[in-house]
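Worksheet: the structure to be examined is printed underneath.
The values are calculated or read from the model by the stated rules, or taken from the named source; none is laboratory data. Because the structure is a prediction, the values reported are computed rather than measured. Here Cβ is always computed from backbone atoms with ideal geometry, including for glycine, and neighbour counts include all displayed protein chains.
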Amino acid sequence: MVNIGIVGIGFMGMTHYKAMAQVNGGQVAAIVSRDPKKRAGDWNDIQGNFGDSGGVQDLSGIRCYETLDELLADGEIDLVDICLPTNMHVETSIRALSAGKHVLLEKPIALALDDSDRIVAAAQEHQRQFMVAHVLRYFPEFRLIKQLVDDAEHGPVLAAHFKRIISRPAWWAPEDLERTGGPSIDLHIHDADFVQFLFGMPTAVSAQGYIGRGETVEYINVHYQYDGPMAISAEGGWLAQQGCPFEHGYDVYFEEATLKFNSSWGEPPQLLTKDGEVSTPSLPGEDGFVGELQEAVDAIAQGRASQEIGGQSARNSLLLCLKGIESVQTGEKVAILLMPFVRLHAMPVDGAGFDEIQYVGEADSHEEGDDELAAIVAVEMDLRQQVAQGNAQKRARRKGQHIADHRPFFRAKQFHPPKARYSHHRAQDGKADIGQCPGTRAVTGGFHHADNGVRIERLVQHNGEEYP
């Protein structure tokens with residue numbers, strides 16, 4: 001049984017708590033809330049943009065903590081489910097991972113790309129699962145699109161448009177941008193994430209929008225550029241007047257069918273086929289929140305990295321939102337320069353003076369084949385500072401002192417001359433057991449960069465894919 005501690009009992013924390021009653025193999029064992037009423041089970045004041053209020057909950061048998069520290073000290077908690085405001089995501093996630101807990105984080109992953117990378121790196125460093133709750137992937141009306149795309153029964157997708165509109169929240173003010181990211185992140189990331197879930201990462205985005213109070217992009221309409229003729233777009237924002245209900249939906253144009261849905265209809269999706277028939281397809285799954293929580297529990301119970309809600313994918317969804325905002329602000333198409341993301345296991349060469357460390361970086365070119373993947377990687381940063389820091393830490397420890405360990409992110413670039421090419425193969429069982437990747441594919445050849453005293457031994461992760 002996977003024991004879960006929910007941090008933050010607002011609308012989303014309440015939603016996760018109720019959904020967990022339908023999840024197999026997991027249970028809510030603890031909650032964290034500063035509010036004594038909520039710790040006592042009085043959730044009547046919790047309201048959201050759908051569903052009922054929180055009501056009164058029987059929390060007997062559930063440990064109710066006031067602070068995160070209390071939860072992290074609970075040795076029975078396996079998974080920390082973080083349902084806090086976005087500006088609290090980074091610190092809370094890293095603290096939980098550092099305490100040896102797996103983490104499920106409510107979307108969006110963060111507000112800045114660097115912060116997203118910090119969380120992903122912390123999960124790898126502490127060998128814990130890090131997942132982000134992009135629930136749209138599990139909503140039955142949207143899961144249906146994924147099913148039809150994968151089955152290809154109606155041919156390829158020619159075009160698709162996604163829509164997500166609300167009225168501006170009465171509580172919102174420009175200073176809230178630093179807390180939520182505004183609608184072009186907090187709201188629109190649902191559809192940006194689903195676009196990359198369906199079609200992968202685009203090569204560029206082109207967006208228009210309305211820039212309102214505090215230079216906030218309050219409405220955004222993004223076109224995602226892919227190789228080939230496929231036309232994909234998504235809009236989102238909060239320009240609707242008060243009283244306008246939440247609305248989301250889509251039109252997906254397959255070669256031989258059209259799938260349409262809008263939540264304002266109050267009806268399920270419609271499938272229009274080339275023979276003129278209109279049908280109501282059966283929907284896969286029942287509840288999106290149950291689906292995402294079940295995936296998180298199963299991933300931990302089975303000791304596998306989640307391929308559907310992994311942290312690297314959530315990082316890329318944030319990247320799409322940030323590039324869309326940049327396009328609105330500049331009026332120009334913005335390239336998605338998604339360098340192959342590589343996690344490298346590095347060993348010190350003789351005399352380097354620092355311990356074995358895992359590095360995070362990017363490669364600027366790669367090759368893919370049926371049986372082989374090659375990445376051209378070289379470390380850009382001079383690691384002598386890291387070596388010096390490692391030596392200083394060792395000296396400080398001998399004196400009973402402490403120096404903060406700042407593990408930097410290394411951006412790797414193609415190395416000329418010479419090129420350092422890494423082709424990798426599946427390691428034998430029991431070898432290259434790194435992080436969450438038992439049986440990790442190993443880099444052959446062993447790159448030795450004498451100037452900075454590091455030998456890169458193994459490729460652990462590439463473009464967010466870990467190699468089980």
(request) Hey, can you tell me all the residues within segment 212-237 that are more than 25 Å from the chain's Cα centre (by Cα) and charged (D, E, K, R)? (result) R213, E215
(message) Every residue in segment 132-190 that is at pLDDT 95 or above and hydroxyl-bearing (S, T, Y), please.
(response) Y138, S184
(request) Being under 16 Å from N87 (Cβ atoms) and in contact with a Ser or Thr (Cβ under 6 Å, 6 or more places away or on another chain) is the filter here, so list the residues in segment 183-199 that pass it. (result) D186, I189
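Working carefully through the options P202, P169, find the one that is of a type outside the set (S, T, N, Q), more than 19 Å from V132 (Cα to Cα) and surrounded by fewer than 16 Cβ atoms within 10 Å (Cβ to Cβ).
P169
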(message) Of everything in segment 214-230, what is surrounded by 15 or more Cβ atoms within 10 Å (Cβ to Cβ) and more than 24 Å from A170 (Cβ to Cβ)? Give them in sequence order.
(response) N221, V222, H223, Y224, Q225, Y226, M230
(request) Of the conditions (1) in contact with a strand residue (DSSP E or B) (Cβ under 7 Å, 6 or more places away or on another chain); (2) assigned to a loop (DSSP other than H, G, I, E, B), P108 clears all except one; give me its number. (result) (1)
(message) Residue under question is S264, and the condition is that it be at pLDDT below 95, part of a helix (DSSP H, G or I) and within 20 Å of Q196 (Cβ to Cβ); does it hold?
(response) no
(message) For a quick check of your reading of the model, give me the residue pairs whose first member lies in segment 63-82 and is among the basic types (K, R), whose second is not in a strand (DSSP E or B), with beta-carbon atoms closer than 8 Å and at least 6 apart or on different chains.
(response) R63/D74
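Do you know which residues across segment 283-341 are among the charged types (D, E, K, R) and out of contact with any strand residue (DSSP E or B) (no Cβ under 6 Å at 6 or more places or on another chain)?
E286, D287, E295, D298, R304, E308, R315, E332
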(message) I'm checking my understanding of the structure. Among residues of segment 101-150 that are among the basic types (K, R) and crowded, with 20+ Cβ neighbours inside 10 Å, which one is farthest from Y17 (Cα to Cα)?
(response) R128
(request) Might you check whether a residue that is touching a residue at least 12 places away in the same chain (Cβ under 8 Å), surrounded by 14 or more Cβ atoms within 10 Å (Cβ to Cβ), of a type in the set (S, T, Y) and assigned to a loop (DSSP other than H, G, I, E, B) occurs anywhere in segment 240-256? (result) no
(request) Search segment 151-166 for residues being among the hydrophobic types (A, V, I, L, M, F, W, C) and within 17 Å of K274 (Cβ to Cβ), and hand back the single one that is surrounded by the fewest Cβ atoms within 10 Å (Cβ to Cβ). (result) A152
(request) Hand me the list of helices (runs of 4 or more DSSP H) wholly inside segment 1-78 holding 2 or more residues that are more than 29 Å from A170 (Cα to Cα). (result) 68-72
(message) Given the criteria in contact with a helix residue (DSSP H, G or I) (Cβ under 6 Å, 6 or more places away or on another chain), farther than 30 Å from E256 by Cα and not small (G, A, S), does V217 qualify?
(response) yes
(request) Filter segment 133-177 down to residues that are part of a helix (DSSP H, G or I), touching a residue at least 24 places away in the same chain (Cβ under 8 Å) and among the charged types (D, E, K, R), then give me how many there are. (result) 5
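Considering only segment 267-295, state which residues are part of a helix (DSSP H, G or I) and touching a Ser or Thr at 6+ places or on another chain (Cβ under 7 Å).
The answer is F289, E295.
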